[in-house]
Amino acid sequence: MASLGTEPKHFIQHDTLPHALPPLESAIINRIQCRIVALDLRGHGETKVRNPEDLSAETMSKDVGNVVEALYGDLPPPIMLIGHSMGGAIAVHTAVANLVPSLLGLCMIDVVEGTAMDALNSMQNFLRSRPKTFKSLENAIEWRCEGAASPEGPKAIVEGIIEEEEEEDEDEEGGGSVNKRKKEDDTETKKEHLYTWRIELAKTEKYWDGWFRGLSNLFLSCPTPKLLLLAGVDRLDKDLTIGQMQGKFQMQVLPQCGHAVHEDAPDKVAEAVATFLIRHRFTEPIGGFQW
């Protein structure tokens, strides 16, 4: 999310399978006066909660509101919420629930209700196709780097979504020697299975529908200025097409990008966000940025 304190603050929220944010963050702050807060949603990064598998839209929206309150108390600065994919949906749910009272803008990156709902049908197959464990952090980064332009973003991502497997405790008295022998026998195997996913997304399926169903109308109902960035115009559904024709939000298509638009073209995304904020007089350009 982004905030404009005396400068706006941008609160940036990632997807369930987060993509690189650092290049986007630096590209934005090099163009406009703002501060950026990039959240680790529950089950990711350094965030620790009692129930990391509660990924309901309501819970995660409240998480965002709680972070804003913890950071700024009763007088938060002007804030723009920016979210990619599921993070974009959570930004919309947060805005609709009025959990950020100083909200001045909303940006969704490549998330549209119709396309997202269709994609959920193949989500379980995708999750089953992922490796269940990794031999090392480097092995996980290598897997994530396939198709990535730079390894730096995937490195930061992987460190936030996998963790070292914990060894089982010895529960029964006298079972120590047996377990010890078993551990010694399995030493080589365990060396090859040191890292696993922090959260089992397959178990959160009951929440997926709630992220995206009705999202287009929720987005359109938000009274703040809105920006929708898409990788392709074919992603627009009927409600958003009508809303765009009625001028209810600003839309920009970034061609030759995949779903991780902000990773494939961070400078173009930053330029779109910066121009949007300057046009609405929410902030000022810096560094000679021409909009």
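Take the conditions in contact with a Lys or Arg (Cβ under 7 Å, 6 or more places away or on another chain), aromatic (Phe, Trp, Tyr) and not in a helix (DSSP H, G or I) and apply them to Phe282. Does it pass?
no
Give me a count of the residues in the stretch 200-224 that are in a loop (DSSP other than H, G, I, E, B), surrounded by fewer than 18 Cβ atoms within 10 Å (Cβ to Cβ) and not charged (D, E, K, R). If you could, list the steps in order and put the result at the bottom.
Taking the stretch 200-224 first, the residues in a loop (DSSP other than H, G, I, E, B) are 200, 213-214, 222-224.
Now drop any that are not surrounded by fewer than 18 Cβ atoms within 10 Å (Cβ to Cβ), which leaves 200, 213-214, 223-224.
Remaining after also requiring not charged (D, E, K, R): 214, 223-224.
Result for the stretch 200-224: 3.
Looking at (1) of a type in the set (A, V, I, L, M); (2) without any contact (Cβ under 8 Å) to a residue 12 or more places away in the chain; (3) over 28 Å from Cys257 (Cβ atoms), which is the only condition Val68 fails?
(2)
With respect to the numbered conditions (1) surrounded by fewer than 17 Cβ atoms within 10 Å (Cβ to Cβ); (2) in a helix (DSSP H, G or I); (3) in contact with a helix residue (DSSP H, G or I) (Cβ under 6 Å, 6 or more places away or on another chain), which one is the sole condition not fulfilled by Gln252?
Of the numbered conditions (1) surrounded by fewer than 17 Cβ atoms within 10 Å (Cβ to Cβ); (2) in a helix (DSSP H, G or I); (3) in contact with a helix residue (DSSP H, G or I) (Cβ under 6 Å, 6 or more places away or on another chain), the odd one out for Gln252 is (2).
Checking Glu58 against (1) open to solvent by less than 10 Å² (accessible area, probe 1.4 Å); (2) touching a His at 6+ places or on another chain (Cβ under 8 Å), only one condition comes out false. Which one?
(1) is the only condition that Glu58 fails.
Among what's in the stretch 73-112 and is touching a residue at least 60 places away in the same chain (Cβ under 8 Å) and open to solvent by 40 Å² or more (accessible area, probe 1.4 Å), pick the residue that is farthest from Trp208 (Cα to Cα).
Once the filter is applied, the top-ranked residue is Pro78.
The values are calculated or read from the model by the stated rules, or taken from the named source; none is laboratory data. All of these numbers come straight from a predicted model, not from anything done at the bench. Every residue, glycine as well, gets a Cβ built from its backbone with ideal geometry; the counts of neighbours run over all protein chains shown. Please note that ligands, DNA and RNA were not included when accessible areas were found on the heavy atoms of the full protein model with its side chains. Shrake-Rupley method; radii C 1.70, N 1.55, O 1.52, S 1.80 Å.
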